[in-house]
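Below is one structure, written out as structure tokens, with a few remarks after it.
The values are calculated or read from the model by the stated rules, or taken from the named source; none is laboratory data. Bear in mind that the values here come from a model prediction, so they are computed numbers and not experimental data. All Cβ positions, even for glycine, are placed from backbone atoms using ideal geometry, and neighbour counts span all protein chains on display. Accessible surface areas use protein heavy atoms only, side chains included; no ligands, DNA or RNA. Shrake-Rupley method; radii C 1.70, N 1.55, O 1.52, S 1.80 Å.
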Amino acid sequence: MWNEIKVALRGLAKTPGFTAIAIMTIALAIGANTAVLSLLNALLIRPLPYRSPDQLALLWEQFPAQGLERIPVSAPEYLDYEKQTTAFEKMAAFDYSAYNLTTGDVPERVAGAVVSPSLFPLLGVSPIKGRVFAADEVGEGHDEVVVISARLWQRRFNSDPTLIGNKISLNGRAFTVIGIMPEQFDFPLPLFNVQGSQFAGRADIWKPVAFTKQELEARYSRNYGIIARLRSDVNFARAQAEIDTITANFKRAHPGNYPTTTAFGAKIYSLQEQVVGGMTPLWILFGAVSLVLLIACANLATMLLARASAREREIAIRIALGATVKRMLRQLLTESVLLSLLGSVGGVLLAIWGLDIVRILGAQTVPRLREVNVDLRVLFMTLIVSVTTGILFGLVPALASSKPELTEVLKEGGRSSTTGVRRNRLRNCLIVVETALALVLLVGAGLLMKSFARLQSVPPGFNSHNVLTAELSLPVLKYPRGKPVSNFYAEAERRIKNIPGVQHAAFTVVLPLSGSNTDSSFMIEGQDPKQSGTFPDEEIRGTTPDYFRVLETPLLRGRFFTEADTADAPQVMMVNEAFAKKYFPNEDALGKRISRDDQNPKWATIVGVVGNFKHRGLDVEAKPEFYLPHTQGPDRDMILAVRSSQDARSLTATIRNELRNIDPDIALSNVRTLDQVVADSIAPRRLSVLLLGVFSVIALLLASVGMYGVISYLVVQRAHEIGVRMALGAQRADVLKMVIGHAGKLLLIGAALGIPVALLSSLPLRSVLYQVDPFDLSIFTAVTGALAVVALIASYIPTSRLIRTDPMLALTHTA
């Protein structure tokens, strides 16, 4: 084998041009495959970084009649689940949070979570320093301890080994740091944010949960997710049956919260399935790179066939001297596998570089993308793919070359017409296959690109240009709920409005297209929900008066909120057009009254109707929403939105200074433009389309090279014939027509094979296409036209070069 490797290396070194092109072709194909294999490995195959992740489950509640699924649970419900379940070893509650970290010179807003003490043992992850929460470190007055991430420890505290046991200031309170979690520990994951609260970034601070008296008395206030570990002898079906029994008991024990006529329940989901769910784009990418690899194999097979023609005499001499067919096959396959392995080295380097770019583009918007890397498992799979690829593209040329017609080949200047015809057929077949595969890939990419273009052009219902957004939170000790909160935001809004270049400024609880949401049930005056059995539940937003002016969302009827809508003034609200049409279809919504409390109604009058804007996604119809003035329900966690007459990002430093002048402990976080918010909402789609576009360009490039190579060889092989034709009076147009006709025939056959396959393969894309038919005729026509142009150029270049030469030179040419 070593001798054969040395012979193969010498042979490749003699043809550096061929070797370089072949290695680049393989590197592109293997690099694309390695990158996607890394994505599959990290997101679908590699187990989650918790102990026995297949036993972990998430529990979400649901009100199907209201269209509410996967909603959080309330504190008393969690405690009931914890006490009554026997199917789980441990159960833990968690909620997203954020903290103003003021230890040090500069205040910083840090993402975090509140969790049950049982969470870390449940996940089976231990701290690298210190300890996690004890069972009694829970509840108000007993929760002044925190665990932080190694990321925050290194970045903010310079890996200070004495931090354990010392206090840090969070939200105006002193907390003792008792433990540091590993750098890769990540919980909660962003995908848990289902109809939950605002959350941006990875959690870096964990605090014990502290259920307040108000929370423990409110079964309707649902804020917490539940994660649980099944007992080893219990499956998901049995655990679900137990949860169904418990929720049925809820309805009997608390009929006021769960009317018997209202469907209510809870469902458990495998954590692994939740994490890997919704990965259709990843499988599409895997299919795409598989096609790229097959196209590369076909391309390289045609190149090796052409190379085999040049080596025909050498192979015939070897066989004449006693080499067996088996030995020649082994030698030729050694060369092709060696080529593939050399190319795979470059492919792995391309994949590493490409994944770095993918992480930069999508780490903030695609869950767990940070975990993607080229590990040993991926390298092993790449090795298998490389060897398989080498055999795949080397086998056909090796079989065609290992049995030459010795008599004809060994004659001086002789050539075998039978062998030439057979090889030409093989080349033509390979080009047909390559064209068909390229058509399938390009059609899929074209459909997704058209879908993405349609999605980008969807009007969101607001003007996102020149709007800056940022999140901030007020510490509870310094700003108890009520006037202190509303006074701070009123003063902040006044100061920010006075900054040069600011047109409007406002605060809101939830930003559109941000991925977070809040909803609330309510009752309409004159309608008894207990009789109908359904409590309306829609999305709710608290805002300051200028919010809709910042977004430039039109006022359809009535008025906006004003400074007069204070806590002491009559309760008011605004609704969007979808809300008005759903609940007041044949009447004017203005003047109607709504209460969020069915026990002691506090009626709020609808004073304005605004246009709809997208919230859950550009591809999701606008849902009914109602809005409350912030002063009549102050919230400490708000999002700033500022419309500017200039580049909004230039205002960031000035806004920070104004807020510090009010309170030096208040920090802005997640500062970004509203344009970026909109872009981030479709970032996973953009990333998929971008990658698929790159793979399609590679496929088109390979198909172009393959077609050019075959036509070039055909022209060289038929140079003598073309010279005779031209000497007898054939015009250049006739020669071009003959060669282009041959290329057109290959294209038509390839299209005839590829179009039915493309039609079938486009069906699975239906679920990810937006306002695009999977059988879109314009895409199929455009792709076929693009391939026709490629065939035309690939035919014209080598033919035009030959017909410009003297016919006498062509007559003396021998193939």
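What number comes out for the charge environment of R766, summing +1 per Lys or Arg and -1 per Asp or Glu over other residues with Cβ under 13 Å away?
Working: positive: none; negative: D773, D776.
Net of charged neighbours comes to -2.
In whole Å, what are the Cα extents of the stretch 424-545 along the three principal axes, biggest one first?
85, 55, 29
In whole Å, how far is the Cα centre of the stretch 56-125 from that of the stretch 663-678?
25
Two decimals is fine: what is log10 I(q)/I(0) at q = 0.17, 0.20, 0.24, 0.25 Å⁻¹ for the stretch 594-639, from a Debye sum with one equal scatterer on every Cα and no solvent?
-0.74, -0.93, -1.06, -1.07
Divide, for the stretch 1-139, the radius of gyration over alpha carbons by 2.2 N^0.38 Å, where N is the residue count.
1.89
Could you work out what % of the accessible surface of the chain is carbon and sulfur, using a 1.4 angstrom probe and leaving DNA, RNA and ligands out of the count?
Looking at the chain in its full context, I get 59 percent from C and S.
Treating cross-link reach as a plain straight distance, find the aspartates and glutamates whose alpha-carbon is under 18 Å from the alpha-carbon of K582, omitting any fewer than eight places away in the same chain.
Hits, sequence-local ones excluded: D519, E525, D528, D537, E538, E539, E621, E625.
If packing is taken as the average count of other Cβ atoms within 10 Å, what order do 125-136, 737-748, 442-453 fall into, highest mean first? Don't jump to the answer; show the numbers that get you there.
Numbers: 125-136: 15.8, 737-748: 17.7, 442-453: 22.5.
Peptide ranking by packing, descending: 442-453, 737-748, 125-136.
Around E658, with a cut-off of 13 angstrom between Cβ atoms, what is the net charge of the other residues, counting Lys and Arg +1 and Asp and Glu -1?
+2
Report the normalised scattering of the stretch 124-192 as log10 I(q)/I(0) at q = 0.23, 0.28 Å⁻¹, calculated by the Debye formula with identical scatterers on the alpha carbons.
The Cα Debye sum returns log10 ratios of -1.12, -1.33.
Given just the C-alpha atoms of the stretch 453-507, how large is their convex hull per residue in cubic angstrom?
Cα convex hull per residue, to the nearest whole number: 122 Å³.
Run the helix sum for the chain: -39,500 (n - 2.57) per DSSP H stretch of 4+ residues, divided by residue count, reported at 222 nm to the nearest 500 deg cm²/dmol.
On the way: 25 runs with 395 residues, N = 815.
Helices in the chain give a 222 nm mean residue ellipticity of -16000 deg cm²/dmol.
Under DSSP H, which helices of the chain have Cα atoms covering 30 Å or more of the helix axis and a Kyte-Doolittle average no less than 0.0?
What comes out of the filter, once short or polar helices are dropped, is 16-40, 280-310, 325-362, 376-401, 417-456, 683-717, 732-762, 777-803.
Provide the per residue accessible area, probe 1.4 Å, for the chain, rounded to a whole number of square angstrom.
Numbers: 35540 Å² over 815 residues.
I get 44 Å² per residue for this part.
List the pair-distance distribution P(r) of the chain, using every Cα-Cα distance, as the percent of pairs falling in each 20 Å bin from 0 up to the bin containing the longest distance, rounded to whole percents.
13, 36, 28, 16, 6, 0
So, by mean Cβ neighbours within 10 angstrom, what's the order for 210-222, 667-679 with the highest one leading?
667-679, 210-222
Could you sort out which of K207/K267; K213/K623; K83/K213; K483/K602; K497/K623 sit more than 21 Å apart by Cα distance in this structure? Mind showing how you got there, number by number?
Details: K207/K267 27 Å; K213/K623 33 Å; K83/K213 19 Å; K483/K602 19 Å; K497/K623 31 Å.
Going by Cα-Cα distance, K207/K267; K213/K623; K497/K623 fall outside the 21 Å limit.
Taking a temperature of 20 °C and a viscosity of 1.002 mPa s, what whole-number D in µm²/s does Stokes-Einstein yield for the stretch 532-618 with Rh from Kirkwood over alpha carbon pairs?
So the translational diffusion coefficient is about 152 µm²/s.
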